[in-house]
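To keep things clear, I will list the structure first and then write my remarks on it.
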Ligand code: SF4
């Protein structure tokens, strides 16, 4: 399949559609020495919880773990901004030897007194797992003394994959759920799960639903507030966007509170419209919702299609590589890129499961390379071999694209422009157009060599 040597143990995590029986391995710990693009367990938990803007987020570990700050993943808030502060217990040699519980307790007391948060999340990092601090006991003590929920997030970096971090975050959220007042929640109401408001997407999506006549009880966790999380169990339906991150929570809410959930994606016109129609269909007892949804979708599509068609004329036939965290996003990106006349030639995710990859195989054109938990070398070589004109990824894929001389679109943490919804599709198309049609790429050796 490729001219590069693939590590033997990774051979079954890479597949070229149409070439061999499809037997992909996935959902397992990264191979040592492969230099995975994945983040650690702790980073997975931060992705989910950090957008809760009125909570204190304290990283219990050495200062290096705290490098993953709001500046890297700038979830937007319409009010409180406490989540933008980065706090760490800054464990040193003394604590590694004698334990860090005392320092954690002091840090929590000091920070709660100084910032008066609505709740506090304490993230356990690798070293805490090794020295064995009883983080839960310290959290219980501070909860009693300060009267706010102080929640341990069991996210020791080494203990699994980024997905285990999502699970740890969902466990922490689940402890808050069920404690808030739900009396003013309407029967037609939803929670939006797995939307983190990186560029203001949560506000756009919330607006769609409100125009449809659907009450949004909480967004978990974009522009999140502790009080909203506490009463999220009062909603009639959970709409799960980032399925890799939030299906755990949706399942727990289904079991305990009987709240059904559906999956949704807001990337691309097709998937955004489908998400809104699916929610309308769930509340089909009220036909006015369906009617308002049709009007909304019609108006939005009419507004964006003419410019999308103009952009498509320039992008027709260009090739794209897509490598992002969750597989569900890959599906949407393939459809959105097709709408712009582009073909996806490399597609992969950090956390896809067997069902996701089977869907991806069916969705991709023959000859597409599908990757699970890839490393930079594999990504670089496949981008070159498949002659991609564009790479869509996150903060760790950006340097790969630019070093290779390929257009890049950040569809992850660092962007400031919303790419979700109908307007987001237009932003996405403009960004793709700007980067792919840049004249600078003609000087890249692998292109000029023909
Ligand atoms: S938790 Fe562990 S793997 Fe994650 S950043 Fe800290 S030291 Fe690194």
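If you check residue 56 against the conditions, is it within 16 Å of the ligand (Cβ to nearest atom) and either in contact (Cβ under 8 Å) with a residue 60 or more places away in the chain or part of a loop (DSSP other than H, G, I, E, B) (or both)?
Details: within 16 Å of the ligand (Cβ to nearest atom): no; either in contact (Cβ under 8 Å) with a residue 60 or more places away in the chain or part of a loop (DSSP other than H, G, I, E, B) (or both): yes.
No: the conditions fail for residue 56.
Are any residues in the stretch 145-161 part of a helix (DSSP H, G or I) and within 12 Å of the ligand (Cβ to nearest atom), and if so, which ones? Quick ask: steps written out before the conclusion?
The first filter runs over the stretch 145-161 and keeps only residues part of a helix (DSSP H, G or I), leaving 145-146, 157-159.
Selection gives 157, 158, 159.
In the stretch 13-26, what residues are in contact with a helix residue (DSSP H, G or I) (Cβ under 8 Å, 6 or more places away or on another chain) and crowded, with 16+ Cβ neighbours inside 10 Å?
Of all residues in the stretch 13-26, those in contact with a helix residue (DSSP H, G or I) (Cβ under 8 Å, 6 or more places away or on another chain) come to 14-15, 17, 22-26.
Correct list: 14, 15, 17, 24, 25, 26.
Taking the stated definitions as given, is residue 438 outside the structural domain of residue 12 (by TED's automatic domain parsing), over 30 Å from residue 296 (Cα atoms) and surrounded by fewer than 24 Cβ atoms within 10 Å (Cβ to Cβ)?
Values: outside the structural domain of residue 12 (by TED's automatic domain parsing): yes; over 30 Å from residue 296 (Cα atoms): yes; surrounded by fewer than 24 Cβ atoms within 10 Å (Cβ to Cβ): yes.
Criteria met by residue 438.
Going through 179, 161 one at a time, which residue ends up being exposed (fewer than 15 other Cβ atoms within 10 Å of the Cβ), closer than 30 Å to residue 275 by Cα, touching a residue at least 12 places away in the same chain (Cβ under 8 Å) and not assigned by TED's automatic domain parsing to the domain that holds residue 260? Steps first, please.
On the way: 161 fails: exposed (fewer than 15 other Cβ atoms within 10 Å of the Cβ).
Sole residue among the options that is exposed (fewer than 15 other Cβ atoms within 10 Å of the Cβ), closer than 30 Å to residue 275 by Cα, touching a residue at least 12 places away in the same chain (Cβ under 8 Å) and not assigned by TED's automatic domain parsing to the domain that holds residue 260: 179.
The values are calculated or read from the model by the stated rules, or taken from the named source; none is laboratory data. Given the structure is predicted, the values throughout are model-derived calculations rather than measurements. Cβ coordinates were reconstructed from backbone atoms using ideal geometry, including for glycine residues, and neighbour counts include every protein chain displayed.
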